[in-house]
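A.B. asks: Attaching a single structure in structure tokens format; questions to follow.
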Amino acid sequence: MKINNRLSGIEEYHFKKIESFKNKLINEGKDILDLSIGDPDITTNKIIIDEFLKSVNIEGFNKYPPYDGIRELKVKIIEYYKERFNVNLKEEEVLILIGSKEGINNIIPAVCNIGDFIIVPNPCYQVYVTSPMLWGVNTYKLPIREKSSYLPELNKIPESIAKKSKMFIINYPNNPTGAEANDTFFKDIIKFCTDRDIILVNDSAYMEIVREGKVPISMLQFDKAKKSVEIGTFSKTFNMTGFRIGYAVGNSKVLKELLKVKSNVDSGQFLPIQYAAARALDILEIETSKNKKIYDARREKAKNILKAKNIEYYNSEATFYIWCKVPKGYSTTEFYEKLIWDYGIITTPGYSFGNLGNGYFRLSLTKDLKDIYKYLNKIEEF
Ligand SMILES: Cc1ncc(COP(=O)(O)O)c(C=O)c1O
């Protein structure tokens, strides 16, 4: 069969494989805890669900929504950016997405031609690598390392690569490491990209999942000229992964091109989901403070157990991930399998995030504290 040969370099989405494997183990009667995918176990607030149900009764709920999203939701996002980050957005600087994964994929052809270059971190959320492959775009995989707090070292990017790159994707707070960016870094990378005419995209999926007491930051706070784009999602902030709703904010020219791609590919998100998302922003404080408490407790517990087991980890305070080092004497795969067979814990092997993830594994703290305690405690000391 003559199929797209770019697909030959791409495997089935990693978590789809883990899901089949997990179901097989469960069918065989194995007692397991899945700490692999970042899909929160916390239920969606009833206020959001009720708004969704109420919206199903509005006349026209079943019609095609506006391609760029409903005005009510855009206005709520504009208010959110103003109140939270003191960033002023106009309506044309907001575009509603069918989840951030969709936006990350579609922004690539919005900006890049076949054969162009994008700079992405290594390790990273792999959609930054596979989507460019699907669109025939090359990636320059920029190492991010613990010694630099998992922030890109901009001076290590060859000028020849920087010159020909059209886009730079970053993701803070970071998956898989849990690292956070700071003001200085954001200012530096905005300048780096502005000087070289590179569209900077921050995937801010975990922006609201930081330690209690810390103030979340948005890249747009530092981009007065609005050259860049921030992609956000309701998935993690409001425990709405299955709803599939997100947004892109920032440079209106890029968003216009993104809308061109989207309006030719999809027809927007179901209206009641958009109303539910708008309602979610009304209860932002309640939801974020609840989530922070839950994840802070899980993170602290998990770190204490890992410490006791002599498993090294990056001491992060954001996202719900912990980026751990594979103990000496094991390959990444050997340890991944050992965690499953000996202790019933499914994790994500670090190489699923790129070759520099080799030697690491990621824990996703999206299960109950009791279970995290019970299963992690089964691990022997290394
Ligand atoms: C860094 C990052 N970006 C985007 C996504 C996708 O989020 P969404 O549900 O909005 O598509 C994920 C999901 O795990 C993620 O980790």
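The values are calculated or read from the model by the stated rules, or taken from the named source; none is laboratory data. Predicted model only: the values in this text are computed from it and were never measured. Cβ sites come from the backbone with ideal geometry, for glycine too, and all protein chains shown count toward neighbours.
A.B. asks: Hey, any hits in the range 284-303 for a residue that's more than 30 Å from Pro109 (Cβ to Cβ) and outside any helix (DSSP H, G or I)?
C.D. replies: no
A.B. asks: Identify all residues within the range 55-73 that are outside any loop (DSSP other than H, G, I, E, B) and touching a residue at least 60 places away in the same chain (Cβ under 8 Å); write none if there are none.
C.D. replies: Residues satisfying the conditions are Ser55, Glu72, Leu73.
A.B. asks: Quick check, is Val111 away from the ligand (no atom under 14 Å from the Cβ), under 22 Å from the mean Cα position of the chain (by Cα), more than 21 Å from Leu281 (Cβ to Cβ) and hydrophobic (A, V, I, L, M, F, W, C)?
C.D. replies: Yes.
A.B. asks: OK, next. Any residue in the range 367-382 that is touching a residue at least 24 places away in the same chain (Cβ under 8 Å) sitting within a Cβ distance under 7 Å of a residue that is in a loop (DSSP other than H, G, I, E, B) and of a type in the set (S, T, N, Q)? List the pairs, counting only those 6 or more apart or interchain.
C.D. replies: Taking only residues 6 or more apart or on different chains, the pairs are Glu381/Asn310; Phe382/Asn310.
A.B. asks: Continuing with this model, one more query. Checking Gly29 against (1) in a helix (DSSP H, G or I); (2) farther than 16 Å from Leu220 by Cβ; (3) free of Cβ contacts under 8 Å to residues at least 12 places away in the same chain: exactly one of these is not met. Which one?
C.D. replies: (1)
A.B. asks: Which one is surrounded by the most Cβ atoms within 10 Å (Cβ to Cβ) among residues in the range 244-267 that are out of contact with any strand residue (DSSP E or B) (no Cβ under 7 Å at 6 or more places or on another chain) and under 13 Å from Glu102 (Cα atoms)?
C.D. replies: Looking at residues that are out of contact with any strand residue (DSSP E or B) (no Cβ under 7 Å at 6 or more places or on another chain) and under 13 Å from Glu102 (Cα atoms), I get Ile245.
A.B. asks: Mind counting the residues in the range 218-245 that are more than 20 Å from Asp39 (Cα to Cα) and either without any contact (Cβ under 8 Å) to a residue 40 or more places away in the chain or within 16 Å of the ligand (Cβ to nearest atom) (or both)?
C.D. replies: Result for the range 218-245: 10.
A.B. asks: Further, regarding this structure: May I ask you to verify whether Ile77 is outside the structural domain of Trp323 (by TED's automatic domain parsing), within 23 Å of Leu281 (Cα to Cα) and crowded, with 21+ Cβ neighbours inside 10 Å?
C.D. replies: Spelling it out, Ile77 is indeed outside the structural domain of Trp323 (by TED's automatic domain parsing), within 23 Å of Leu281 (Cα to Cα) and crowded, with 21+ Cβ neighbours inside 10 Å.
A.B. asks: Name the single residue that is nearest to Lys224 (Cα to Cα) among those in the range 174-191 being polar (S, T, N, Q) and more than 16 Å from the ligand (Cβ to nearest atom).
C.D. replies: Looking at the filtered set, the residue picked out is Thr184.
A.B. asks: Sticking with this structure for a sec: Among the residues of the range 22-79, count how many are closer than 30 Å to Thr348 by Cα, hydrophobic (A, V, I, L, M, F, W, C) and within 16 Å of the ligand (Cβ to nearest atom).
C.D. replies: Looking only at that region, the number is 3.
A.B. asks: Moving on. Would you check if there is a residue in the range 248-266 being in a helix (DSSP H, G or I), basic (Lys, Arg), closer than 19 Å to Val56 by Cα and more than 14 Å from the ligand (Cβ to nearest atom)?
C.D. replies: Within the range 248-266, none of the residues are in a helix (DSSP H, G or I), basic (Lys, Arg), closer than 19 Å to Val56 by Cα and more than 14 Å from the ligand (Cβ to nearest atom).
A.B. asks: If you check Asn202 against the conditions, is it within 19 Å of the chain's Cα centre (by Cα), on the phi > 0 side of the Ramachandran plot and within 13 Å of the ligand (Cβ to nearest atom)?
C.D. replies: No: the conditions fail for Asn202.
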